[in-house]
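Enquirer: Here it is, the structure in full.
The values are calculated or read from the model by the stated rules, or taken from the named source; none is laboratory data. In this text the structure is predicted, and so the values were computed from the model without any measurement. A quick note on method: Cβ atoms are made from the backbone with ideal geometry, for glycine too, and the neighbour counts reach across all protein chains shown. Ligands, DNA and RNA are excluded from the accessible area calculation, which covers all protein heavy atoms including side chains. Shrake-Rupley method; radii C 1.70, N 1.55, O 1.52, S 1.80 Å.
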Amino acid sequence: MGQDSTNEGRTTPSPTWAAVRYDSLELRGRSLISIADLDAHQVTGVLDLAAALKGARGTGAAPLWNGTRSLAMIFEKPSLRTRVTFELGMRELGGIPIVLGPTEIGLGKRESVADVARNLGRWVSAIMARVYDHSALVEMRDNCAIPVINALSDVEHPCQTLADLLTIRERLGRLDGVRIAWVGDGNNVAHSLMLGAALTGASVIAACPTGYEPDAAIVEKARSLAHDPGAIRVTGNPYEAVADADVVYTDVWASMGQEAEASQRKAVFAPYQVNADLMRRAGARAIFLHCLPAHRGEEVTDEVLDGPQSAALDQAENRLHAQKAVLALLIGP
Ligand code: CP
Ligand code: NVA
């Protein structure tokens, strides 16, 4: 990892692990439950390390660990991207991932959340958990001495936001002043995006149907983190949101756990579909983001998701690089 590496013909500086700014970022031993657990300097540090790791990937550089660190990966809900990128990322760092699926540990049923955390804290270096109830993450963090990483809860998806910010920075060259339009449900992904954007100088205008706006306390928190509180806004009008947007972002209308509401939500959200007409209002230079999985023909059309403005697969790829940076910084050398 100490030398420059070549990635598709480009020369990219690769980090030496010794050069990672552990002291300046002060993330060792910390948890990542909300993206707002990080300050602006720390978000930038994570993104910088992620970009360096991306450039150095596949160069045969030495891993950070030699089987001396491990990650428990708890899933109460299904996953493709999170499962693959955390497990692969852990292996690429030289660590040991242990996947615990929805039927395995009975979180809060077979055994209390606190007891699960207490036990895991004696064996592994960190816990990554995808849960229904956000408070389970807080309870885990409060009952063990190792980092707990939110891999999606009903409230936030901070690892997604780090990948999103990396993608925007790659595509647009900056985050400060970038105008993001969120179109659709004011959900977990929207919450973390608003907070992450506020920390990095980007603005978010979220267009959501009445009753499906982001949580008011999270909007207020994002406003308090932003240099300009007016950078974080909510509207009911998707056309207003995308006018002059640099980034148009949407997600499924019914999140995991809301399947019973799916057909009713389809009717409510129909005017919020991101299609070619809506993208035209944003302009040809705007990029389209989606955390995936997508429900094609609902929140987004094939034309947009597969079109030239879409960076959705960059986001998916960047989950790997962003999370490797998170794991390296939280677990430490
Ligand atoms: N974006 C995301 O978290 O994807 P998965 O649900 O497949 O992990
Ligand atoms: N809002 C979606 C995101 C999936 C990655 C959900 O919670 O299901």
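Enquirer: Out of (1) within 19 Å of the chain's Cα centre (by Cα); (2) within 24 Å of Tyr132 (Cα to Cα); (3) away from ligand 2 (no atom under 16 Å from the Cβ); (4) not charged (D, E, K, R), what's the single condition that is false for Leu195?
Expert: (3)
Enquirer: Looking at the stretch 150-188, which of its residues are buried (at least 24 other Cβ atoms within 10 Å of the Cβ), within 15 Å of ligand 2 (Cβ to nearest atom) and among the aliphatic types (A, V, I, L, M)?
Expert: Answer for the stretch 150-188, where residues must be buried (at least 24 other Cβ atoms within 10 Å of the Cβ), within 15 Å of ligand 2 (Cβ to nearest atom) and among the aliphatic types (A, V, I, L, M): Ala151, Leu152, Leu162, Ala163, Val183.
Enquirer: On to the next question. Report whether or not Gly196 is assigned to a loop (DSSP other than H, G, I, E, B) and either farther than 18 Å from Cys291 by Cβ or open to solvent by less than 10 Å² (accessible area, probe 1.4 Å) (or both).
Expert: no
Enquirer: State all residues of the stretch 290-333 that are assigned to a strand (DSSP E or B), farther than 18 Å from Ser255 by Cα and touching a residue at least 40 places away in the same chain (Cβ under 8 Å); if no residue qualifies, say none.
Expert: Passing the criteria: none in range.
Enquirer: Identify the residue in the stretch 55-71 that is at pLDDT 95 or above and not in a loop (DSSP other than H, G, I, E, B) and, among all such residues, is nearest to the chain's Cα centre (by Cα).
Expert: The qualifying residue nearest to the chain's Cα centre (by Cα) is Leu71.
Enquirer: Related question: Restricting attention to the stretch 133-149, and to residues there that are open to solvent by 10 Å² or more (accessible area, probe 1.4 Å) and in contact with a Lys or Arg (Cβ under 7 Å, 6 or more places away or on another chain), which single residue is nearest to Ala322 (Cα to Cα)?
Expert: It comes out as Cys144.
Enquirer: Determine which single condition Met128 fails, assuming it passes every other condition in (1) within 19 Å of the chain's Cα centre (by Cα); (2) open to solvent by 10 Å² or more (accessible area, probe 1.4 Å); (3) within 17 Å of His321 (Cα to Cα).
Expert: (2)
Enquirer: Are any of the residues in the stretch 26-49 under 25 Å from Ala316 (Cα atoms), touching a Leu at 6+ places or on another chain (Cβ under 8 Å), open to solvent by 60 Å² or more (accessible area, probe 1.4 Å) and outside any loop (DSSP other than H, G, I, E, B)? Even if it seems obvious, please write down each step before you answer.
Expert: Within the stretch 26-49, the first condition is being under 25 Å from Ala316 (Cα atoms), and the residues that meet it are 27, 30-49.
Cutting the leftovers down to touching a Leu at 6+ places or on another chain (Cβ under 8 Å) gives us 27, 30-36, 38-43, 45-47, 49.
Those left that are additionally open to solvent by 60 Å² or more (accessible area, probe 1.4 Å): 30, 39, 41.
With the extra rule that they be outside any loop (DSSP other than H, G, I, E, B), the set shrinks to 41.
So far as the stretch 26-49 goes, yes, one or more of its residues are under 25 Å from Ala316 (Cα atoms), touching a Leu at 6+ places or on another chain (Cβ under 8 Å), open to solvent by 60 Å² or more (accessible area, probe 1.4 Å) and outside any loop (DSSP other than H, G, I, E, B).
Enquirer: Can you spot a residue in the stretch 205-225 that is within 22 Å of Ala36 (Cα to Cα), within 16 Å of ligand 1 (Cβ to nearest atom) and modelled with pLDDT of 95 or more?
Expert: The answer is no; no qualifying residue exists.
Enquirer: Pairs only if they're at least six apart or on different chains, beta carbon under 9 angstrom, first in the stretch 128-145 and at positive phi, second within 16 Å of ligand 1 (Cβ to nearest atom); list them, first residue then second.
Expert: Matching pairs, first to second residue: none at all.
Enquirer: Look at the stretch 278-289 and say how many of its residues are modelled with pLDDT of 95 or more and not in a helix (DSSP H, G or I).
Expert: Adding up the residues that qualify gives 5.
Enquirer: Could you please tell me which pairs satisfy a Cβ distance under 7 Å, a separation of 6+ or placement on different chains, a first residue in the stretch 108-124 that is within 14 Å of Ser70 (Cα to Cα), and a second residue that is open to solvent by 30 Å² or more (accessible area, probe 1.4 Å)?
Expert: Once the first residue is within 14 Å of Ser70 (Cα to Cα) and sits in the stretch 108-124, its partners that are open to solvent by 30 Å² or more (accessible area, probe 1.4 Å) give Gly121/Ala145; Val124/Ile98.
Enquirer: Among Leu292, Leu313, which is the only one that is under 26 Å from Arg179 (Cβ atoms), modelled with pLDDT of 95 or more, open to solvent by 50 Å² or more (accessible area, probe 1.4 Å) and among the hydrophobic types (A, V, I, L, M, F, W, C)? Let's see the steps before the verdict.
Expert: Values: Leu292 fails: open to solvent by 50 Å² or more (accessible area, probe 1.4 Å).
Answer to the check: Leu313.
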